[in-house]
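The block underneath contains the structure these notes are about, expressed in structure tokens.
The values are calculated or read from the model by the stated rules, or taken from the named source; none is laboratory data. Source: prediction; values computed, not measured. Positions of Cβ are backbone-derived with ideal geometry, glycine not excepted, and every protein chain shown enters the neighbour counts. Just the protein is used for accessible areas: all its heavy atoms, side chains included, with ligands, DNA and RNA removed. Shrake-Rupley method; radii C 1.70, N 1.55, O 1.52, S 1.80 Å.
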Amino acid sequence: MTFRRAARSWPGEKKEPAEAEIRAEMVANVWRVLVSEGDQVQDGDTLVILESMKMEIPVLAETAGVVAKLHVAEGDVVQEDELIAVID
């Protein structure tokens, strides 16, 4: 899954932790949600399992941090590029 980091550094400004947005790469059903908001995750941990065309597709954390917000629940349908989770 793709993620985008929010650019937050200006000269002389305190660096805040970067956010990682986890987005869907295709239209799919949310089959299983394996994390909750507030959970600590490591790079490579499975956050959600999507189902499309009878295939299970794991959505992985691409950075370590805390799950700040989950935007999906089991049974939801996600569209391509739809936000799944935010990791701080």
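Summary of values
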{"read-out": "Hey, Glu37 acidic (Asp, Glu) and modelled with pLDDT under 95 or not", "value": "no"}
{"read-out": "Scope segment 72-88; condition within 19 Å of Gln40 (Cβ to Cβ) and buried (at least 17 other Cβ atoms within 10 Å of the Cβ); matching residues", "value": "Ile84, Ala85, Val86, Ile87"}
{"read-out": "Any chance Lys54 is open to solvent by 30 Å² or more (accessible area, probe 1.4 Å) and at pLDDT 95 or above", "value": "no"}
